[in-house]
Each structure stands twice: as structure tokens, then as C-alpha cells.
1. Return the Rg/Rh value of the protein assembly as shown, two decimal places, where both radii are evaluated on C-alpha atoms and Rh is the Kirkwood radius.
2. Specify the angular offset, from 0 to 90 degrees and rounded to the nearest 10, of the alpha carbon long axis of helix B:270-286 from the longest principal axis of the alpha carbons in chain B.
3. Rank B:147, B:348, B:316 by mean-square fluctuation in a GNM of chain B with C-alpha springs under 10 angstrom and give only the top-ranked residue.
4. Going through segment A:213-320, which chymotrypsin sites (Phe, Trp or Tyr not before Pro) have at most 12 other Cβ atoms within 10 Å and a DSSP loop state?
5. Please list log₁₀ I(q)/I(0) at q = 0.24 Å⁻¹ for segment A:205-289, using the Debye equation with identical point scatterers on the alpha-carbon positions.
6. In angstroms, what radius of gyration and Dmax does chain B have, counting Cα atoms only?
7. Only helices at least 18 Å long along their axis, Cα-based, and averaging 1.6 or more on Kyte-Doolittle count here, so list those DSSP H runs from chain A.
8. Relative to the first principal axis of the alpha-carbon coordinates of chain B, what is the inclination of helix B:119-135, with its axis defined by its Cα atoms, in degrees from 0 to 90 and to the nearest 10?
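Just so it is clear, none of the values below were taken in a lab; they were calculated from the coordinates. Not measured: the values here are computed from a predicted model. All Cβ positions, glycine included, derive from the backbone under ideal geometry; neighbour counts span all protein chains shown.
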Amino acid sequence: MKISIASICFFSLMVIAMSCDDNPGESTMLTDNFDRGQMLDFWADEIIIPSYTAYVSALENLDSEMTNFYADPNVDRLNNLRSTWLEAYLTWQDVSMFDIGRAEEISLRNFTNIYPSDVDLIHSNIERRDYNLELPSNFDAQGFPALDYLFFGLADSDIEIVEALTADDVESYVTDLVTRLSNLSKEVLTDWNSGFREEFIDNSGSSASAATDKLVNDFLFYYERNLRAAKVGIPAGVFSGTEQPNLVEGLYSQVYSRELFLRSFEAVQDFFEGQSYDGQQIGVSLRQYLDDIRTSNATDVDIAGLIITQWEEVDLAAAEVGDSFREQVIEDNSKMLALYDQLQAAVVPLKVDMLSALNIQVDFVDADGD
Amino acid sequence: MKTIKIIALATIMTLLLGSCGDGIDDINELIVPINYEFVRDGASTVSFSGQTTRISMAAELASAMQDFSTSQEALLEMYANQSATGAEVNPFSDASLNASTKSVRSKVAASRDFFSSNTVEAAEIKADFESWIISQVTEVFPNREELATAGKAGQIADGSSVRYVNGKGLEYNQAVTKSLIGALMVDQMLNNYLSTAVLDEASNIEDNNNEVVASGKTYTNMEHKWDEAYGYIFGADGTDFTNPLATLGQDNFLNKYLSRVDNDTDFAGIASEIYEALKLGRAAIVAHDYDLRDEQISTLRANISKVVAVRAVYYLQQGKLAKERNDYGGAFHDFSEGFGFVYSLRFLRDAQSDEAYFSRSEVDSYLTQLTEGNGFWDVTSATLDSISEEIASRFDFTVEQAGS
């Protein structure tokens, strides 16, 4: 059993708080009158489905810009292609955390955004032609990172990149990668629109398999692994002890790593605060849930407030880093480390305090590493 | 039971006779060093290079099993360090391993106490490893570009990692690696080098009492046997041999999983307990205090057995949870490690009864339950729980303590 010191402290505090209560005989569970179904409804209709709809459409734009490029390959059209790639990559950051339902079943995230790409594998696939993109061993030869390499890193100059991209084998590989991203996104959206939405909303209970418990776990996993570690901590060498500038997201385009990070962080905050995807309304989400628990139990600790305040620190730290995380790591890694520290400081309120208050068990463990 | 009584009686008689002959004057002052350092006439008496070599050989074998360019022949040569016809071979990338005449295979299921008069079972166990190695090449390698499905070997995603499994979901490389922890490391330690049959063999006691060293060496035979036990847990290349707790996790075998169990708050301190018992037992040999030495043997048998059993339950439980989340790749990886730790149960030694904790047929029954039909694709939570409960019931820990 692994129990963090923080959780021990938290539980001890809870126990102390309870023992001061007028009714010491009562259960230590917090009163929870919150309507989870209403929250799931808002998540599905105002955040998740609109995000996936935008993502599918961004990939359609990428697909059509690719058709334009191959109709008349030139540097201008390459730049248009790159812009639609970036727009789709940014929109991906909005949906990545929703690893539930069909997205989870088909390993959407692994087929979409495993970086760094294995450049040798990409070239060997291009040469052999009979590659199978459905194999897990091809995770790191497809998705946005592979396109990042093909659109920005395939040659030294834009003119040479245009030329390299138009080789027959490369063209069919690029086409296959874009088509696959697009098909996967549609598969997930179709599933949400043809029954999974109702299944999700109806699964409004409180158990390990309930929709709230699962999605909150997905959200935390995403925050810890994909946002905090993969985008910031790993390149900054937090885990390995050595700076690893070549492990940034968007390695070949270089200048988009901060933008991708910020979009992902924004999606995390919007989900927590219940900001609808169209930005028009604030609905029921984790912040309201925590506030509701706080009111029902008349507790002093403002968990949602702690989280939001800490995230303001993240914004300040993010303002200090440059557009290229690779350059930032090489030139002044301390700013990357400072950003990591601010992201990390929110983990305890999220993973310990919030989950205890909402009575949700963590369903993922630190990987064994072997 | 009768045989135990006779043995006990014989032991008492030996002790009585021993004390008549040698007298207690021979007991030296007990000096327990802070680090695992023992010296005679200014020279270290600690030596376990053979164990370091075998751990390195096992590591090369394990990693080569995941390299699709390796041939079946080469893998079998890494296991046996000789060709099928017994000819000298050089299968390793590390030249010092090629130069060695030692091998993994010769010490698999080769302990004095469990296998010297049980050669049928020993041969079956050695052959199990060969069959896993061969099947890796014949079943898994050809299907490396296929998706695994029930009954079909291939690859399966475990998070962003890729696992290569047979038709039952088993990773043969994990079966080999984790089963070696029992069949090589634990068996050699608990049932061979920490066996009084080996420690006290021939004139070892008399030689040790009189500090008669082995020919051309600085150590007595008994000291050396003890150090060879030490080497299987603390002798991996890269370890600080004299202060091994500072660098736990240097191999992918017993040392690594000692570290894992020690990091579980339910079992914290077990690594230090094992290290201290090895150190005290060695100091007791120097002091000619064989009762004290034997007490340490009991401590070591209990704790090292527990490490393996905890890990077996841990992986069955973690795999169960992963499978319940529909994370088949993650579950199969856990089950594959669990398979090896369950296989290793056969070699554990109960300090109280002096017998094996698990019989061959019990272990076989667990393995059959895990692998029958389509194996890990089919195995149910109820089966995993019942095996876990049975394992834990032999020890002083619960499934819950081990499983998280």
C-alpha cells in the first residue's frame, strides 16, 4: 500500500476536524448532495462533443489542404498545409484528456501523439510500403509528431521539403497518416453521437466504473503524465536528471511547443471550471462540485480556490518560457524547471484533496518501469 | 514427520559430539562490521565473482530474447554457454562472459537440498526454460508484425509500450526472467549455499575452526559458500558490494524485486533485515558460532521467500485490476511477470519446517489455472483471487498488503 504523506496529513486533518464535530459518532464521509448527472450532461454536450466536433473538422481542413498541396506542390501551399496541421494539433489538445469510451478502446492518444517520433521507423515504413499503422509498434511512426517531422524536418530548406514530400512513397505515407488521424477522430465522434453520450450521462453513480470517477481519473492522468511530465518535466530532465531537449512536443517545427502546452493547459482549466467549448457559458463542473461539497459540509478548506490560485502561478511561470521549449531547455532550463514546479504544486490539491472530497479512488498507479 | 525427528535427533547428537570434541574455546569474539567487509591477514576474504557472472549472463539472455534478430541457437547458447553438442561458444556481447566456463543452465534447479536426488524434476525445470526460449523464436518472433488476439501470438499495447505475447498472452521473456529469480537465485541461495549440507560439507567446520583456507585462497570454504549466497542477491554488476542497500535495484532479478518489496510500506525494512542477516551470519562463521549462523539462515529463508511470494500476489492482483479496466496489454504484462514469480514459488523454503513452501504439483496447478484455454485472455478475477489467497495464506501477509 502506497500512501502519500500528503494524504496522511489530509486524513489526519479530517479526523481531527471530525472529532471536533458535534456528532462524533457520524461516518467520516462528507455529505454529497451534488447531482453528478447534471455535470456529466454539461461535460458531454458543452465540452466533450463540441471539442471532438471541432477536432474532426480541423482534420478535414488538414486533409483538404493536403489535397491542395499535392495538386500543385509549392512552398506557399506547404505553409498552408503546416498551418492546418498546427490548427488540428492545437485542437487535439482540447480532446486528448477525454480518454474514455471509443477513444480509450482504440488507444486514440497513442496513435495520435506519441513523441518523439522514430524517424528511422518512419523511413523504413516509407521504403517497405506494406506497413501496418494499426500496430502498437507503429505508435511513434504516425500522428502529429510524424507529420511534424515530414512537414518541417524532412530536409533543410522549404524547397527541398516540398520536393521530398512529393516522392511517390512519401506522398502515400503522408496521405495514410492524415487519413488515419481523420478516420480515428470520426470513429470517436460518431460513437459519442450514436449512443455513448447517453451511456455516459446515465452512468452517473459513484463507483470505480462510474463516468465521473473514470473521467476525473482520465483528467488527472492527463494532467500528470501528458501535461506536466511529457510536455515539460521530461524535456527539462526532471525524471532522468539530464536535460533532454529533443524530447519536446513539436521537435521539428520547434516554435510551437509553448503554444501546444498552453492550449493543453487551457483545456484542463476549462474542464475544471466548466467553461463551455464555445466560451459562451460556465456550467456545472469540478469547481462547482467542490464548492458544493464545501458548502454542504461547512468546511473551511477551499480546495477549488487552492487549485485555481496555483494555476495562476503556472500561467506566470509559462509567461517566462520561450516559444521553443527545446531552445529554452538548452539556453535556460531553470525556467522550464520553474514551470514544472508550479504544475507539480497543483498535483496534491488535485489528486489528494479533490479526490478525497469527491470520494473518488485513483485508478492508475505509477508504472513499474519494467 | 518421522524423518524430521530423526534428523533433529541427529543434529542434537552432532552438536553434543561437536561440543565434546572441540570445546567452546574455539568460538572467536563476534565482530559484526558496518559493511559487508571481512579480512584475513590484511586481505579481503569475500568473493562471489561466479554469481556476478551468472547474473550478467541471465541479463544478456533476457535482453536478447527481445531482439528479433537473435537466433534460437544463439539464445540457447546464452542459456547454456555451450553449443547443443557441448562445444565451446561465444554467445555474449561481453567478452568476459564468453571467457567464463560458467553458465545459467547448470545452476537452474541445481541446489543440493532440493534437487541433488530429484534430478527428474531438475531436468524438467531446465527444459521449461529451453521451451520458453524456443517458443519465443518460433511463435512470437514470426508474428511480431501481427496484432495479438486470443489464441494468436503478436503484439499488444501496454500504454504507449509494446508487448510481444504468445497466443495465451504470455511474454516468454518475462517467464524466463522472473522464473530465474526462483530457479537460479533463490534456489542457489536458500537451498544450496545456505544449506548446512553445503556449508558444513566434508571438513568445512574443522577447517573453519582452524582457519584452514581453501587452496590458493584467502577464505575458508565455509566463508566462501556463504559469500556465494550473498552474491545472488547483492552481487550484480554495478552494486556497491560492501554497502549494497545504497544501490538497490542494480539487476532485473532478485535484487530489483527486493527493492520493490522494500518500497512497499507494508514491507519496509525487509531489505535491511536480509542484509543484516547475511552480514551477521558471515560474522558468526568468522566467530565459529554456528548456532548464530543457523539463526540467520532461518531469517533469510523466511524473508527471501516472502519477497518472491509478495511479488507473485502483487502481479496477479495488479493484472486483475488492469484487466477489469479492459487494459489487456497492461494486464498481460503483469500476468507474465506474475507467471514467473508463481513459477519461482517452487524454490521457496519454509524456515520453520525446513521444507519447500509449495510442492511442484501445487505450483503446476496455479500455472495451469493461469494458462488453460486461451490463458490470460480467459483467466477470471475469481481464479486470480483464489491463487492469490492461497499463496498469501502460507505467509504472514494479506493479499491486500501484497497486492498494492
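1. 1.02
2. The angle comes out near 30 degrees.
3. Checking each option, the largest mean-square fluctuation is seen for B:147.
4. A:239
5. -1.12
6. Just the Cα atoms of chain B yield Rg and Dmax of 21.8, 72 Å.
7. A:5-19
8. On a 0 to 90 degree scale, this one is about 40.
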